Amino acid sequence: MQYQAILFDIDGTLIDSFPPYAKVMTNVLAIHNKPISVEQLKKTFSMTLDRAFKYLRIPESLQDQFEMEYLNEKARLNLKPVLFKGISHVFKSLNQKTLPGIAIVTSGGDQEVNELLNAYPFMKKIWTAVTADTIPYHKPEPEPLLHAVNQMGINPKHALYIGDALVDMNAAKNAKMDFGIAGWGADPKVHFTQYRYCFKQPRDILKLF
């Protein structure tokens, strides 16, 4: 199929963000004497911060405080987004084409997207970005993906979403959109059951266009 739009997750798909995420989250929880395992970190990695804190059983009354501490710790460590090898080539190649349009759909906030675009100006050619701050719905609900393609004026059936986690796969399924696994960033222990493509390297995406 010739897709008219390609949508990307950020964490674990465009940027190798698990190591810095794990460091920041571990540091924040340590302040409150709350240990966290590697498995818990992997589980919460693809969640919005509020869902992650809920999963970790942080009292709702403290979640705003934890989120502020997370953002402050991230700023203190000054961790810059690092693209996976090959992502820049994919974006620069796609930017030379009229179609597909490119969008970002992430469980992260506006700040994360702004940091990414400022660090890599060639990514500013994306058509739209949908974050946890854009609408009050989050993956695996379909609304973030549907909002993105609606902004682009493209039918979901003509779009492909690429991500590294089950929440991405389920969001695509719920949006009735094709899904591609970002094999370079996905946890090899995770069993994906519904996908159209499994890309081993970012450059494999270009074979579709």
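Values in this text are rule-based calculations from the coordinates and carry no lab data. Only a predicted model underlies this, so the values are computations on that prediction, with no experimental measurement involved. Cβ sites come from the backbone with ideal geometry, for glycine too, and all protein chains shown count toward neighbours.
Compute the angle between helix 60-77 and the longest alpha-carbon principal axis of the chain, please, reported from 0 to 90 degrees and rounded to the nearest 10.
Helix 60-77 sits roughly 70 degrees off the main axis of the chain.
Once you charge only the Cβ atoms, +1 for Lys and Arg and -1 for Asp and Glu, what is the size of the charge dipole of the range 74-184 about its Cα centre, to the nearest 20 debye?
The dipole of the range 74-184 has a size of about 380 debye.
Give the residue from THR106, PHE8, MET47 lying farthest towards the positive end of the charge dipole for the chain; charges sit on Cβ (+1 for Lys and Arg, -1 for Asp and Glu) and the dipole is referred to the Cα centre.
Value computed over the given set: PHE8.
What pairs in LYS97/LYS125; LYS34/LYS74; LYS54/LYS139; LYS92/LYS173; LYS42/LYS176 have C-alpha atoms more than 20 Å from each other?
LYS92/LYS173; LYS42/LYS176
What does the charge dipole of the range 18-77 about its Cα centre add up to, to the nearest 20 debye, if the Cβ of each Lys and Arg holds +1 and the Cβ of each Asp and Glu holds -1?
With only Lys, Arg, Asp and Glu charged at Cβ, the dipole is about 240 debye.
Could you sort the peptides 130-139, 100-109, 61-70 by per-residue average Cβ neighbour count (10 Å cutoff), highest mean leading? Walk me through the numbers before you get to the answer.
Numbers: 130-139: 18.5, 100-109: 23.2, 61-70: 14.7.
Sorting 130-139, 100-109, 61-70 by mean packing, highest first, produces 100-109, 130-139, 61-70.
If R0 is 41 Å, what FRET efficiency do you get for ILE135 and LYS97 from their C-beta distance, rounded to 0.05?
0.90
Apply the a/c threshold of 1.5 to the C-alpha gyration tensor of the range 18-77 and tell me whether it is rounded, prolate or oblate.
rounded
Work out how much length LEU71 to LYS189 would gain on full extension: take 0.36 nm times their residue separation and subtract the Cα-Cα distance, in nm to one decimal. Show your work: numbers first, answer last.
Working: separation 118, 0.36 × 118 = 42.48 nm, distance 2.92 nm.
Extending this stretch completely gives an extra 39.6 nm.
Mind pulling the angle between the C-alpha long axis of helix 143-152 and the longest principal axis of the chain? Nearest 10 degrees, somewhere in 0 to 90.
For 143-152 against the chain, the angle is about 40 degrees.
Pull out the extension gain between ASN114 and LYS200, defined as 0.36 nm times the separation in residues minus the alpha carbon to alpha carbon distance; nm, one decimal.
Contour length minus the Cα-Cα distance gives 28.2 nm.
Treat each spin label as a single point 7 Å out from the Cα along the C-beta direction, and report the LYS80 to LYS207 distance in nm.
3.3 nm
Could you tell me how far the Cα centroid of the range 188-208 sits from the Cα centroid of the range 14-58, in Å?
For the range 14-58 versus the range 188-208, the Cα centre distance is 25 Å.
So how far apart, in nm, are the two label points at ASN150 and HIS89 if each is 7 Å from Cα heading toward Cβ?
Result: 3.8 nm between the two label points.
Relative to the longest principal axis of the chain, what angle (0 to 90°, nearest 10) does the C-alpha long axis of helix 110-119 take?
Between the helix axis and the principal axis of the chain, the angle is about 60 degrees.
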